[in-house]
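*Asks:* After the structure tokens below, expect a handful of questions from me.
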Amino acid sequence: MRRTFVSMLILILFLTASNAAAADDQLPASAIISRFQQYLQINTAQPTPLYRVAADFLLAEAESLSLQSQTLEFVAGKPLVLLKWPGSDPTLPSILLYSHTDVVPVEHHKWSHPPFEAHVDPDGNIYARGSQDMKCVGMQYLEAIRRLKASGFNPVRNIYLSFAPDEEIGGHDGAEKFADSDVFKNMNVGIVLDEGLASPSEEYKMFYGERCPWWLVIKATGPPGHGAKLYDNSAMENLFKSIETVRKFRASQFDLVKAGLKAEGEVISVNMVFLKAGTPSPTGFVMNLQPSEAEAGFDIRVPPTADVESLERRIAEEWAPTSRNMTYEFKQKTPVTDNFGRPRVPTTGSSNPWWALLEKAVQKAGGKLGKPEIFPASTDARYFRNQGLPAIGFSPMANTPILLHDHNEHLNQAEYLKGIDMYESIIKAYSSYVEHPSKESSKDEL
């Protein structure tokens with residue numbers, strides 16, 4: 001009996017120790033997810049993001065990691081949090097891990113779970129605005145650094161992390177002013193990592209460039225007339241002719257994507273985003289009066305490989321010809337070249353050391369990469385590319401539907417944790433790279 005009792009006691013102690021060890025193993029993951037949820041729960045939706053609350057949260061995280069920190073305000077009320085992990089050789093070009101803190105607005109009633117609750121469903125999906133775009137990336141940077149510091153790793157290059165405002169409304173008071181600042185120039189940045197997209201397949205998406213936004217407004221004019229009168233060249237008729245011409249061009253570009261001949265980021269996209277016409281009345285619009293003016297707005301995205309001169313001629317001669325009493329204006333027209341007049345399309349593959357390092361680092365961490373792409377929309381990376389710097393778009397979200405700006409945006413917590421593995425490997429590889437190319441040769445190569 002005594003031997004049986006001792007055996008049972010040993011078994012109980014063993015099981016208790018095993019359970020405690022298992023609990024210890026689970027604690028870091030639960031703490032990581034909890035920190036991600038805390039960041040997601042800060043409502044930074046435009047047009048009234050809680051930037052101060054987000055900045056305080058990030059600064060507290062930086063302090064817990066013993067990172068150097070400063071808060072920059074190029075525009076009052078719009079803080080940019082800049083963190084630094086010093087490297088052993090500050091003469092080498094540094095690494096910038098870039099992210100933005102703001103998110104797009106939500107239609108609350110169209111979400112399955114409150115968009116700023118960071119609810120986790122039984123399948124491990126974290127529902128929140130910003131879970132994909134791009135609070136996940138910002139926190140994955142921090143968690144990867146937390147692991148590297150805990151392992152005793154010391155970087156050779158300086159590592160910077162920036163958390164910027166206003167990306168979702170153009171980045172003019174955030175990344176644009178930051179990239180043009182003396183603070184940024186003194187950072188001696190050699191490579192920028194910014195956001196990419198989720199991938200529905202097992203292969204991560206990587207982006208070496210992006211389409212440039214051209215926001216175009218076409219205006220048609222004509223004589224006002226009675227609602228019952230038929231005549232040529234009314235403002236509405238002229239505008240509709242232009243809309244139809246634009247629609248045919250859009251269809252020709254979209255057909256290339258549907259046929260698999262080009263990726264979405266390689267074609268010129270055009271989408272009509274507003275129509276403005278009519279004479280207001282207390283009950284709506286005057287129905288028996290044809291308006292003398294009509295406008296339409298188009299969001300055009302131009303890849304850096306496009307023939308922009310041909311597109312400009314098309315707009316002037318076909319979409320808004322003066323012969324039909326039409327005019328046009330660009331509300332935004334981002335150049336497809338950088339500040340040095342060069343196309344913003346860097347070399348990919350083994351000839352680009354930063355690209356090759358990232359590919360190897362992802363593979364080492366167990367990830368798979370798809371074909372390099374041009375980002376179909378626009379990111380703040382364009383402001384750094386304007387400076388002649390290489391910038392790679394990468395958000396490690398595989399096996400994930402693309403839900404940025406969509407209802408029920410979510411990210412599975414297992415994919416989020418895998419993404420930390422990817423960044424841990426990338427940051428380690430980048431910050432250990434000891435080559436010191438000249439600035440000019442780096443620009444020409446990349």
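The values are calculated or read from the model by the stated rules, or taken from the named source; none is laboratory data. A quick note: this is a predicted structure, and the numbers were derived from the prediction, not measured. Heads up, the Cβs are rebuilt from the backbone with ideal geometry, glycines too, and the neighbour counts pull from every protein chain shown. Accessible surface is based on the protein model in full, side chains and every heavy atom, while ligands, DNA and RNA are left aside. Shrake-Rupley method; radii C 1.70, N 1.55, O 1.52, S 1.80 Å.
*Asks:* Nothing charged except the Cβ atoms of Lys and Arg (+1) and of Asp and Glu (-1): what's the magnitude of the dipole of segment 174-309 about its Cα centre? Round to the nearest 20 debye.
*Replies:* Dipole of segment 174-309, to the nearest 20 debye: 520 debye.
*Asks:* What value in Å³ per residue do you get for the convex hull of the alpha-carbon atoms in segment 201-348?
*Replies:* It comes to 161 Å³ per residue, whole-number rounded.
*Asks:* Using R₀ = 56 Å, calculate the FRET efficiency as 1/(1 + (r/R₀)^6) where r is the Cβ-Cβ separation of F240 and K149; round to 0.05.
*Replies:* Once the sixth-power term is evaluated, E becomes 0.35.
*Asks:* Specify the longest stretch of the chain that does not include any exposed loop site, a site being one of the GluC sites (Glu not before Pro) with a non-H, G, I, E, B DSSP assignment and at most 11 other Cβ atoms within 10 Å.
*Replies:* Answer from the scan: 203-434.
*Asks:* Which far-off residues, 5 or more places away or on another chain, put their amide H under 5 Å from the one on L289, with H placed in the peptide plane?
*Replies:* So L289 has HN proximity to G227.
*Asks:* Mind pulling the angle between the C-alpha long axis of helix 413-432 and the longest principal axis of the chain? Nearest 10 degrees, somewhere in 0 to 90.
*Replies:* Roughly 80 degrees between the two axes.
*Asks:* Post the alpha-carbon centroid distance, segment 237-294 to segment 54-75, in whole angstrom.
*Replies:* 44 Å
*Asks:* Which pairs, out of K84/K149; K110/K333; K333/K371; K241/K276, put more than 22 Å between their alpha-carbon atoms?
*Replies:* K110/K333; K333/K371
*Asks:* Considering only the chain, what is the antiparallel percent among its DSSP beta bridges, to the nearest 5?
*Replies:* For the chain, the DSSP antiparallel bridge percentage is about 70.
*Asks:* Between helix 235-258 and the chain, what is the angle of the helix's C-alpha long axis to the longest principal axis, kept within 0 to 90° and rounded to the nearest 10?
*Replies:* Roughly 40 degrees, rounded to the nearest 10.
*Asks:* Something else now. Given R₀ = 35 Å, FRET efficiency for K333-A76 by Cβ-Cβ distance, to 0.05?
*Replies:* 0.80
*Asks:* Separate question: If you fit an axis through the alpha-carbon atoms of helix 353-364 and take the longest principal axis of the Cα set of the chain, what angle between them do you get, 0 to 90°, nearest 10?
*Replies:* That helix lies at roughly 50 degrees to the long axis.
*Asks:* Only Lys, Arg, Asp and Glu count, each charged at its Cβ (+1, +1, -1, -1), so figure out the dipole size of segment 79-226 about its Cα centre, rounded to 20 debye.
*Replies:* That gives segment 79-226 a dipole magnitude of about 320 debye.
*Asks:* Mind listing the long-range amide H neighbours of L369? Cut-off is under 5 Å, sequence gap 5 or more, other chains count too, H placed in the peptide plane at 1.01 Å from N.
*Replies:* Here the answer is Y204, since their amide H atoms fall under 5 Å of that of L369.
*Asks:* For segment 97-255, report the accessible area per residue in Å² (1.4 Å probe, heavy atoms, rounded to an integer).
*Replies:* 37 Å²
*Asks:* Continuing with the same structure: Is any residue of segment 213-235 close enough, with backbone N under 16 Å, to a label point placed 7 angstrom from the Cα of V257 along the Cα-Cβ axis, and if so, which?
*Replies:* Answer for segment 213-235: 213-214.
*Asks:* Which residues in segment 185-202 have a backbone N closer than 18 Å to a point placed 7 Å from the Cα of I402 along the Cα-to-Cβ line?
*Replies:* The answer is 194-202.
*Asks:* Here's something else I'd like to know. List the residues whose amide H sits under 5 Å from the amide H of N412, counting only those 5 or more places along or on another chain, with H placed 1.01 Å from N in the peptide plane.
*Replies:* I126
*Asks:* What ³J(HN,Hα) values, in whole Hz, does the Karplus curve 6.51 cos²θ - 1.76 cosθ + 1.60 give for segment 372-387 when θ = phi - 60°, with x put for Gly and Pro?
*Replies:* After applying 6.51 cos²θ - 1.76 cosθ + 1.60, I find x, 10, 8, 4, x, 10, 10, 10, 5, 4, 4, 6, 7, 5, 4, 7 Hz.
*Asks:* To the nearest 0.05, what FRET efficiency results for E318 and K364 with a Förster distance of 45 Å applied to their C-beta separation?
*Replies:* Computed FRET efficiency for E318 and K364: 0.30.
*Asks:* With +1 assigned to the C-beta of every Lys and Arg and -1 to the C-beta of every Asp and Glu, and no other charges, what is the dipole magnitude of the chain about the Cα centre in debye, to the nearest 20?
*Replies:* In debye, rounded to 20, the chain gives about 460.
*Asks:* Just to check I understand the Karplus step: with θ = phi - 60° and J = 6.51 cos²θ - 1.76 cosθ + 1.60, what whole-Hz values come out for segment 216-226, glycine and proline as x?
*Replies:* Couplings: 10, 10, 9, 10, 10, 10, x, x, x, x, 5 Hz.
*Asks:* Taking a spot 7 Å from the Cα of A60 along the direction of its beta carbon, which residues of segment 132-160 have an amide N less than 14 Å from it?
*Replies:* none
*Asks:* A follow-up question, please. Under 19 Å Cα to Cα from K368, which aspartates and glutamates show up? Leave out anything in the same chain fewer than 8 places away.
*Replies:* Qualifying aspartates and glutamates at Cα under 19 Å: D194, E195, E202, E203, E359, E415, D421, E424.
*Asks:* If you don't mind, another one. Pick the calculated Rg/Rh (Cα atoms, Kirkwood Rh) for this structure from (i) 0.95; (ii) 1.07; (iii) 1.22?
*Replies:* Here the calculated entry is (ii).
*Asks:* Whole-Hz ³J(HN,Hα) for each residue in segment 161-177, computed from phi via Karplus 6.51 cos²θ - 1.76 cosθ + 1.60 with θ = phi - 60°, x for glycine and proline: what do you get?
*Replies:* Here the 3J(HN,Hα) series is 10, 10, 10, 9, x, 6, 4, 5, 10, x, x, 5, 9, x, 4, 4, 5 Hz.
*Asks:* Label T279 and K110 with points 7 Å out from Cα along Cα→Cβ: what is the distance between them in nm?
*Replies:* 3.5 nm
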